Each structure stands twice: as C-alpha cells, then as structure tokens.
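Below is one structure, written out as structure tokens; comments come after it.
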Amino acid sequence: MAMLAVIGGTGLSSLNGFSDPQSVSMATPFADAEVQVEKFIVHGEPLVFIARHGAQHTTPPHKVNYRANIWALKELGVTGVIAINAVGGIDQKMAPGVFMIPHQLIDYTYGREHTFFTGGQEQVTHIDFTDPFAPPMRELIRQAGTRANTDLSTNRVLVDGGVYGVTQGPRLETAAEVKKLQRDGCDIVGMTAMPEAALARELALPYASLALSVNWAAGLTDKEISLDEIRVVVSEGMEYVIALIEQAVLLNASVGSTGGSN
Ligand code: HPA
C-alpha cells in the first residue's frame, strides 16, 4: 500500500489539520533519542508525519538527526516523502509567500552526518543523485498544489522547478554569500534539504521538497530580514500546505504507489 510521509519544517511542527494522530516512538541505530512519529488516517489512507526540528521546534538545522528520521520512515514502510522547507527567495519569482517544487540542489553544508554508508560492513555505494528530487513525487506535489488552490479558492503560486542552495546555518547568509549563490544559479536558499534528500535516495525512498519562500534572501532588499515578518508568511502559508498534503494523500491513493522510482 502506498504510504506518504511528510517531514514538517519551520511552521509545521504538527499536522493540526488532521485529527486523532497515533504517536509512535521509534528507536534507530543513529541516536539514543527515539524518533517521534505521528501516524494519521486521512480519508482512509495512512499518512506519517515527523517534525524535523522537534515538536517544540528546538533542533536547529545542523543538529537535526536526518539519518534517524529517514531511517524511521523507511522502517515504517513509507513509499514517498514530501519535505516542507522554509527558504529565502533569490530568483525574482520567489517573493515571500511563493512556493517552489525545486528540481535541483547545491549542497553547501558541512559537518553533518550525510550518509548511511560509513564504511566497514557494507560495500561502498555511490548513489546516482543527478536528479536529487524524485520526479514522480514532484509531479504529485504539483497536482496536489493545483487541487489545493481549487479546494481553498486561493491562487497560491507554486513554481515548478528551481535550484535550492542548501546552507549550513543556523545564521542567515551575508549579502555577498547570496550574490555567490545567485551566480551559482540558486533560486532559493534554505538549510534543511541536505543531507535529507541524499539519505532518502540512499534508502531508495522517493523524496521531493515543497519549499515556501518566507523572506527575500539577504541583501536583495534594503531591509534587514525580520523574523516577525517570516512568522507571518509561514503561518499564512500553512493552510495551503495542509490542503496540499490532503490532496497529495488522495492522489497518491488513486495512483497506487508513486511508482517506486526515485
Ligand atoms: N536563508 C537560509 N535559510 C532560510 C532563509 C534564508 O534566507 N529563510 C528561511 N530559511
């Protein structure tokens, strides 16, 4: 049976739109702390949720135990992952409040536990990562996004494709760093898509990102980046995210599995 999972980012520490979660704690080889997972039934279909930064949003991007989270999802039999990411907009299209389904990424992070293949027992494995986000999952998000707009009578912009630059954080970038990201071809900048996307690929879990621009990246406007303004954009965007997830669950059930393709 197809089973979607959502990894919630900033602004999505719980799935308030759905009721009666079953909370499950899962032990993994990667941490003493167990991974907290919530399981929902949405229109008769299973949906799994993990809050990337913890239920109280206390784990910064560089301290997230990405391996434990992805491992737990695989153990549960999840067949597709939608990652929700708050990002800064770099491309002109990516004003605060605009969503993107990125098709590429550039990894600028360092010092994170970024692979399940740590040497020793297993054969050295080099995953193909040409397309870091699974095309079938991206298509699922795109279609669900269109239906969510119909459902809510909204007109949220969902940009199909773009390059996500993943920085280390937790600080935001300097203006010069954003110029460099721009020269590198990044359309958005965030801190959480890596190593998450690569770990999902290592375990053959189809994975894609729904990124919400919550601010213009550093130096692109005259103003300092305001956390209060970010909070407003995030909370305004979450109704659409919840509606999109609901539609994704329905679509995913109607197409069966997402095809098993990465
Ligand atoms: N940069 C990096 N990560 C972010 C940003 C940003 O401007 N906004 C939200 N997450």
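The values are calculated or read from the model by the stated rules, or taken from the named source; none is laboratory data. Bear in mind that the values here come from a model prediction, so they are computed numbers and not experimental data. Cβ: placed from backbone, ideal geometry, glycine included. Neighbour counts: every protein chain shown. Calculation scope for accessible area: heavy atoms of the full protein, side chains included, ligands and nucleic acids excluded. Shrake-Rupley method; radii C 1.70, N 1.55, O 1.52, S 1.80 Å.
The table that follows gives values for the structure above.
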{"read-out": "Gyration tensor verdict on the range 55-185 (Cα atoms; rounded if a/c is under 1.5, prolate if a/b is larger than b/c, oblate otherwise)", "value": "oblate"}
{"read-out": "Size-normalised alpha-carbon gyration radius of the chain, reference 2.2 N^0.38 Å", "value": "0.95"}
{"read-out": "Prolate/oblate/rounded call for the range 186-262, Cα gyration tensor, a/c under 1.5 rounded", "value": "oblate"}
{"read-out": "In Å², nearest 10: area of LYS63 left accessible to a 1.4 Å probe", "value": "130"}
{"read-out": "Length-normalised contact order of the range 134-207 in % [C-alpha pairs under 8 Å, at least 6 apart]", "value": "35"}
{"read-out": "23 Å Cα cut-off, lysine pairs counted over the chain (separation 8 or more, or different chains)", "value": "7"}
{"read-out": "Carbon plus sulfur fraction of accessible area for the chain, probe 1.4 Å, in percent", "value": "50"}
{"read-out": "THR125 accessible area, 1.4 Å probe, all protein chains in place, Å² to nearest 10", "value": "60"}
{"read-out": "Prolate/oblate/rounded call for the range 144-229, Cα gyration tensor, a/c under 1.5 rounded", "value": "oblate"}
{"read-out": "Burial order of peptide ranges 83-93, 156-166, 171-181 (average beta-carbon count within 10 Å, highest first)", "value": "83-93, 156-166, 171-181"}
{"read-out": "Where TYR240, TYR108 fall by accessible area, highest first, once all protein chains stay in place (1.4 Å)", "value": "TYR108, TYR240"}
{"read-out": "Amide proton proximity set for ALA31, modelled H, under 5 Å, gap of 5+", "value": "none"}
{"read-out": "CD proxy at 222 nm, helix term only [per DSSP H run n ≥ 4: -39500 (n - 2.57); per residue of the chain; nearest 500]", "value": "-9000 deg cm²/dmol"}
{"read-out": "Rounded accessible area per residue of the range 4-255, 1.4 Å, Å²", "value": "46"}
{"read-out": "Over the range 4-255, relative contact order from alpha-carbon pairs under 8 Å, at least 6 apart, %", "value": "28"}
